[in-house]
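The values are calculated or read from the model by the stated rules, or taken from the named source; none is laboratory data. A quick note: this is a predicted structure, and the numbers were derived from the prediction, not measured. As a convention, Cβ positions derive from the backbone with ideal geometry for all residues, glycine included, and neighbour counts pool all protein chains shown.
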Amino acid sequence: MEVEGSISLQQIKALIDKRGNDVESLIIILQDIQKELGYVPEEAVDIVVAELGISPTRIYGILTFYAQFRLSPPGAHSLKVCQGTACHVMGGERILKYLSDKLDVKAGETTSDRRFSFERVACVGCCGMAPVVVVDDKPHGNSTIKSVDSLIDNSNKEGE
């Protein structure tokens with residue numbers, strides 16, 4: 001059995017076995033799976049349920065509680081819009097709405113072409129450069145509608 005992202009049933013079992021098949025290691029096991037695939041697919045949850053003998057409800061409780069976990073494949077590019085106080089005051093909310101409309105996704109979603117994962121973040125620690133948009137872990141300060149259009153266009157060109 002292959003799950004999306006080309007990791008096999010045996011590889012997922014190996015990740016579980018590496019942590020000792022212990023319920024106490026559940027979060028670490030889920031982190032390992034996400035590290036390999038970029039997200040935790042339903043098929044992987046089914047394997048964890050079978051291997052550890054715990055309920056899917058418990059696993060999904062963890063996956064939905066912690067913001068670090070994804071339940072769908074990430075986009076080729078990560079796009080984060082800071083909404084900390086300085087960024088909000090300097091227009092971060094306007095940029096967030098603009099990008100949401102332009103990409104036709106809500107914060108926390110991935111575009112249908114899987115080009116971008118779009119996120120609203122509380123603070124990126126670059127308050128002096130507000131508003132900040134982070135593309136693939138690189139912060140871009142003093143962002144404007146025009147500059148984020150350019151960031152998206154450049155990211156699209158890189159993916160061609």
Check your understanding: From the set of residues in the range 113-141 that are acidic (Asp, Glu) and touching a residue at least 40 places away in the same chain (Cβ under 8 Å), which is surrounded by the fewest Cβ atoms within 10 Å (Cβ to Cβ)?
Key -> 137
Check your understanding: Here is a list of conditions, (1) at negative phi; (2) in contact (Cβ under 8 Å) with a residue 24 or more places away in the chain, and residue 21 meets all of them except one; can you say which number that is?
Key -> (1)
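Looking at 79, 71, which one is farther than 18 Å from residue 34 by Cα and of a type in the set (A, V, I, L, M)? Show your work before the answer.
Working: 71 fails: farther than 18 Å from residue 34 by Cα.
One residue alone meets the criteria, 79.
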Point to revise | Index of the failed condition, residue 26 passing every other in (1) crowded, with 17+ Cβ neighbours inside 10 Å; (2) touching an Asp or Glu at 6+ places or on another chain (Cβ under 8 Å); (3) not assigned by TED's automatic domain parsing to the domain that holds residue 137 | key: (2)
Check your understanding: Hey, does the range 77-84 have a residue that's on the phi < 0 side of the Ramachandran plot, in contact with a Cys (Cβ under 7 Å, 6 or more places away or on another chain) and surrounded by 15 or more Cβ atoms within 10 Å (Cβ to Cβ)?
Key -> yes
Check your understanding: Across the range 43-57, what is the number of residues that are in contact (Cβ under 8 Å) with a residue 24 or more places away in the chain and in a helix (DSSP H, G or I)?
Key -> 6
**Study point:** Flag for residue 9 being outside the structural domain of residue 120 (by TED's automatic domain parsing), surrounded by 16 or more Cβ atoms within 10 Å (Cβ to Cβ) and touching a helix residue (DSSP H, G or I) at 6+ places or on another chain (Cβ under 7 Å)
**Key:** no
Exercise for review: For the range 40-48, state whether one or more residues are surrounded by 15 or more Cβ atoms within 10 Å (Cβ to Cβ), assigned by TED's automatic domain parsing to the domain that holds residue 24 and under 12 Å from the mean Cα position of the chain (by Cα).
Suggested key: yes
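Working only within the range 120-142, note down all residues that are assigned to a loop (DSSP other than H, G, I, E, B) and either touching a Lys or Arg at 6+ places or on another chain (Cβ under 7 Å) or within 18 Å of residue 107 (Cα to Cα) (or both). Give the steps one after another, and end with the answer.
The initial filter retains those residues of the range 120-142 that are assigned to a loop (DSSP other than H, G, I, E, B), namely 122-126, 130-132, 136-137, 141-142.
Matches in the range 120-142: 122, 123, 124, 131, 132, 136, 137.
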Practice item. Go through the residues of the range 90-112 one by one and say whether even a single one is in a strand (DSSP E or B) and surrounded by 15 or more Cβ atoms within 10 Å (Cβ to Cβ). Key: yes
Review point. Looking at the range 120-160, which of its residues are more than 18 Å from residue 89 (Cα to Cα), among the aliphatic types (A, V, I, L, M) and touching a Phe, Trp or Tyr at 6+ places or on another chain (Cβ under 8 Å)?
Key: 152
